[in-house]
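See structure below.
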Amino acid sequence: MQVRLFAGAREAVQSDTVELELELPCTIESMKRSMISKWPGLESYVNYGRFAVGNDFVDDHFVVESNAGELALIPPVSGG
């Protein structure tokens, strides 16, 4: 499964996407553990960012199916 990256997460791995080899269905939580294990530089982005499936933000318990659509890690955003 492919996960799109933005901003600092993209810079941490020097790529717009990462490819995970996980058996589906799987939860976002298991996907997060796999990403941190494979790319330790993504840990803070994975822990503090939000995951989106398609156009919707999802929580750690969301189950990713093979037809889930685009997966993305959205980094924390600050502003005033």
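The values are calculated or read from the model by the stated rules, or taken from the named source; none is laboratory data. Predicted model only: the values in this text are computed from it and were never measured. For neighbour counting, all protein chains shown are included, and Cβ atoms are generated from backbone atoms with ideal geometry for every residue, glycine included.
Exactly one residue out of L5, L24, L73 is among the aliphatic types (A, V, I, L, M) and at pLDDT below 95: that is L24. Only one of N47, N67 is assigned to a helix (DSSP H, G or I) and either modelled with pLDDT under 95 or exposed (fewer than 14 other Cβ atoms within 10 Å of the Cβ) (or both); which? After ruling out the rest, the residue left standing is N47. Applying the condition of being of a type in the set (K, R) and touching a residue at least 24 places away in the same chain (Cβ under 8 Å) to region 1-33 and asking which residue is surrounded by the fewest Cβ atoms within 10 Å (Cβ to Cβ) yields R4. Considering only region 1-41, state which residues are among the charged types (D, E, K, R) and under 15 Å from P75 (Cβ atoms). Passing the criteria: R4, R10, E11, D16, K32. Does region 35-44 hold any residues that are assigned to a helix (DSSP H, G or I) and buried (at least 18 other Cβ atoms within 10 Å of the Cβ), and which are they? If the condition is that a residue be assigned to a helix (DSSP H, G or I) and buried (at least 18 other Cβ atoms within 10 Å of the Cβ), then M35, L42 are the ones that fit. When M31 is tested against (1) at positive phi; (2) not in a loop (DSSP other than H, G, I, E, B), just one condition goes unmet, and that condition is (1). Name the residues in region 50-64 that are part of a strand (DSSP E or B), over 22 Å from V13 (Cβ atoms) and either aliphatic (A, V, I, L, M) or in contact with a strand residue (DSSP E or B) (Cβ under 8 Å, 6 or more places away or on another chain) (or both), would you? Correct list: V63 only.
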